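The values are calculated or read from the model by the stated rules, or taken from the named source; none is laboratory data. Model, not experiment: these values are computed from the prediction. Methodologically, a virtual Cβ is constructed for each residue, glycine included, from the backbone with ideal geometry; neighbour enumeration extends over all protein chains shown.
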Amino acid sequence: MDLTILAGAIMLAFAAIAGGIGNALVFGRYLEGVARQPEARGLLFGQTFIGIALVEALPIISVAFGIMAVLGILK
């Protein structure tokens, strides 16, 4: 078994785990903010989605490199 394939598979797994944890943390902070200050819900909602987009950028890049490693493009 080639170690590049194993590395790509690990990258894909950790990308999924990290994206899920990051989204949960961002959305949890959003819920805390709304619970503390309900009138700021609209402002916090927009900022939450910007935060989720930033959190998702790294796992998407990691998935791209993981797929390239599994397919043998990276060597």
Subject >> Number of the condition not met by residue 48 [criteria: (1) modelled with pLDDT of 90 or more; (2) out of contact with any Lys or Arg (no Cβ under 9 Å at 6 or more places or on another chain)] >> reply: (2)
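Conditions (1) surrounded by 15 or more Cβ atoms within 10 Å (Cβ to Cβ); (2) within 12 Å of the chain's Cα centre (by Cα); (3) at pLDDT below 90, marked per residue:
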| site | (1), (2), (3) |
| --- | --- |
| 2 | no, no, yes |
| 9 | no, no, yes |
| 22 | yes, yes, no |
| 33 | yes, no, no |
| 37 | no, no, no |
| 44 | yes, no, no |
Subject >> Hits in region 11-37 (condition: more than 17 Å from residue 51 (Cβ to Cβ) and touching a residue at least 40 places away in the same chain (Cβ under 8 Å)) >> reply: 11, 12, 14, 15, 16
